[in-house]
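What follows is a set of notes on a single structure, which appears directly below.
Please treat every number below as a calculation from the coordinates, not as lab data. Quick caveat: nothing in here was measured; it's all calculated off a predicted structure. Neighbour counts run over all protein chains shown; Cβ positions are idealised from the backbone, glycine included.
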Amino acid sequence: MPSACAVLVAAGSGRRAGLIGGRSKQWALLGGKPVVRWSAETFCALKIPVAVVIHPDDQAMAEAALQGLSGIRLVPGGAERADSVRAGLRVFSDLDPTVPVLIHDAARPLLEAAHVHALLAALDVHDGALLALPVTDTLKSGTLEAGVTGTVARDGLWRAQTPQAFRLSAILTAYAALPDGTVPTDDVQVAEQAGLKIALVPGDGRLMKLTYPEDFAMAEAILSQTQAPPARVMRVGQGFDAHRWGPGESVWLCGVEITHTQTLIGHSDADAGLHALTDAILGALGEGDIGDHFPPTDPKWKGASSDQFLLWAAARVRAVGGAIINVDVTLICEQPKIKPHRDAMRQRLCELLGLAPDAVSVKATTTEKMGFTGRGEGLAAQAICL
Ligand code: MG
């Protein structure tokens, strides 16, 4: 069950923005990507399934714009925005009714994970929440013809943004109770009419709505500031493994076979050093542990060389656009003596990970005869990677 779901409204005809590059605004390119794809990617990265509500004529364009994203469902919208939101909400009718739903306009492409987290936190104590900015300009009433007729007090006035977040059942009930002929301009308006208590969450000027063609230039300028240079994120992970000693003549440690009076018992080659290091890398990725990906119940991995587990984890790092900066492995045992083999182990890890020697450390320690490693029952290994 997902922790939240999202309805991304992209069914508008973009009358006000007109056509940008021959397309209505949600399909136009912003920073080289279709507008709708920006916020869809933010939801996907958070593993939040998205119902993207589109005009039925836009099916092919939507498929192209959202190609390769997982958890996306395309839904034909209705005549009014409220009809489109209802159609999007229906996609999630089989989910737990208490699951939060984020309703978002595709025309606000610069959605960030922090916006979503802030809304979900507010939902813990309120029926609904929206991102909003206090009005800072002085407000005038009047018309172009008649001129100014007055000054409107701006205290307590907010500009509503999206996403707007609710519990699934609460907003469905609110939409069902909406009187015929009402044309709400946002979802909080529907929730208000149903008497729901809605929290104001500080919004973000960067979450601007693309309304007019010139808004694209401003959004591109914001993007050029926030996207370049690309955000550099550091991730660490740690791993631990232990295997029991048993009868044998050699042992695999950090990808090197060492002649010894015993061997380590395990489903694979029991290389605790490589297992701890593989777990460290998976930890940094937030992708579970070695047993999730190479289950010991699978006969395929019986006697397997653990090199392939480490190579696979390193390939996952590259696949998500990352790089391993350095690794550090500690082997914990009384026997065999690790020091004579340390350089060979470091060299093997350098080969497997494509790292320079100063980025790879292998250390060893005893536990002064204490504990299971001290009594010679088994060997343990721990590892960390950046
Ligand atoms: Mg193991």
Among VAL329, LEU30, ALA51, pick out the residue whose Cα is farthest towards the positive end of the charge dipole of the chain, where Lys and Arg carry +1 and Asp and Glu carry -1 on C-beta, about the Cα centre.
-> LEU30
Arrange HIS243, HIS275 by Cβ neighbour counts within 10 Å, fewest through most, would you?
-> HIS243, HIS275
Applying the gyration tensor rule to the Cα atoms of region 260-383 (axes a ≥ b ≥ c; rounded if a/c under 1.5, else prolate if a/b exceeds b/c, else oblate), the class is oblate
May I ask which residue of ALA359, LEU386, ALA344 lies farthest towards the positive end of the charge dipole of region 340-386, with charges of +1 (Lys, Arg) and -1 (Asp, Glu) on Cβ and the Cα centre as origin?
-> ALA344
Given a cut-off of 26 Å, what percent of all Cα-Cα pairs of region 1-125 lie beyond it?
-> 16 percent
What pairs from LYS339/LYS369; LYS300/LYS337; LYS47/LYS209; LYS33/LYS140; LYS302/LYS337; LYS47/LYS363 go past 29 Å between their alpha carbons?
-> LYS300/LYS337; LYS33/LYS140; LYS47/LYS363
Using a simple spin-label model with points 7 Å from Cα along the Cα→Cβ vector, what separation in nm is obtained for THR297 and LEU386?
-> 3.9 nm
Column: log10 I(q)/I(0), Debye, Cα scatterers of region 211-333, q = 0.20 Å⁻¹ = -1.10
Per residue convex hull volume, Cα atoms of region 154-253, in Å³ | 299 Å³
Amide proton proximity set for LEU253, modelled H, under 5 Å, gap of 5+ = ILE258
GNM result for the chain, Cα springs below 10 Å: residue of ASP215, ASP328, ASP105 fluctuating most strongly | ASP328
Using a 10 Å cut-off on Cβ atoms, rank the peptides 58-65, 36-43 from the highest mean neighbour count down.
-> 36-43, 58-65
Pseudo-spin-label distance ASP124 to GLU220, built 7 Å along Cα→Cβ, given in nm, is 4.2 nm
Which FRET efficiency value, to the nearest 0.05, is calculated for GLU377 and ALA315 with the Förster distance at 35 angstrom and r the Cβ-Cβ distance?
-> 0.55
If you line up the Cα atoms of the chain on their principal axes, what length do they span on each, largest first, in Å?
-> 97, 43, 40
Quick calc, ARG235 & LEU178: beta-carbon distance into FRET formula, R0 30 Å, rounding 0.05, result 0.10
